[in-house]
1. Evaluate the distance, in nm, between pseudo-label points positioned 7 Å from the Cα of LYS70 and of THR87 along their respective Cα→Cβ axes.
2. For the chain, set up a GNM with springs between Cα atoms under 10 Å and report which of LEU143, LEU113, LEU103 has the largest fluctuation.
3. Around SER96, what is the net charge, scoring Lys/Arg as +1 and Asp/Glu as -1 over all other residues with Cβ under 9 Å from its Cβ?
4. Would you mind telling me which residue in SER134, SER117, SER96 has the biggest mean-square fluctuation in a Gaussian network model of the chain, where springs connect alpha carbons within a distance under 10 angstrom?
5. Neighbour counts of other C-beta atoms within 10 Å: give me MET180, MET173 arranged from fewest to most.
6. Arrange the peptides 72-80, 5-13, 122-130 so that the one whose residues have, on average, the most other Cβ atoms within 10 Å appears first.
7. I need ARG149, ARG36 ordered by Cβ neighbour count within 10 Å, fewest first.
8. Order these by the 10 Å Cβ neighbour count, fewest first: HIS179, HIS174.
Amino acid sequence: MKSNIIKDCFEKNKKILSELNLDIIEKLASKIEETRKNGNIVFVAGNGGSSSTASHFVNDLVKATRNNDKPPYLKALSLTDNVPLITAVSNDIDYSEIFKFTLENLANSGDILIVISASGNSDNLIKAVEYCNSNNIFTSGLLGFDGGRLNNLIKLPALITTELGEYELVENMHLIVCHMISTYLSRWLQKK
């Protein structure tokens, strides 16, 4: 190999993957299943690369878990997908309100909010979590680095501990965790 960059990248990913807390991941999957069973909604939010992970995760939760024609189906919504609403709230109110604004309109007691953030310090996610914690909406999150401020605010944090600034590594693990959860749920529902 001309460079060790690829090998080093691979080794870092392998190490962090081996350190995943599978109990926390299973708890989150079970909470999502409970939310489905009760007919409530799973909301997912993130910024930047985590925004695309949120959209991908919702796609998998809605489509990949529907292995039978027996309702209740899993209801999930990515708060990052309505660009016109995001830009309107950003322009007319403040960017820090984009997720909370939608939750105020759509979320109910018994729903769940899953935030995805490498830093854990995004004001718009913090405001959304605080709103949910005050309104009996369960909060969880896929976090990175040291978890940031969100680590102490959400009820069920799944922390990918890395050095500060290892965005690609954290985002890789977040997507793997999302796939693990959707696979777990789809296989669990097939058995029913």
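Derivation of every value follows stated rules applied to the coordinates shown; laboratory data play no part. Keep in mind that this is a model prediction, so the values were computed, not measured. A quick note on method: Cβ atoms are made from the backbone with ideal geometry, for glycine too, and the neighbour counts reach across all protein chains shown.
1. My value for the distance between the label points is 4.5 nm.
2. Most flexible of the set in this elastic network: LEU103.
3. Net charge around SER96: -1.
4. SER134
5. Ordered by Cβ neighbours within 10 Å, fewest first: MET180, MET173.
6. 122-130, 72-80, 5-13
7. Ranked by crowding around the Cβ, least crowded first: ARG149, ARG36.
8. Ordered from fewest to most neighbouring Cβ atoms within 10 Å, HIS179, HIS174 come out as HIS179, HIS174.
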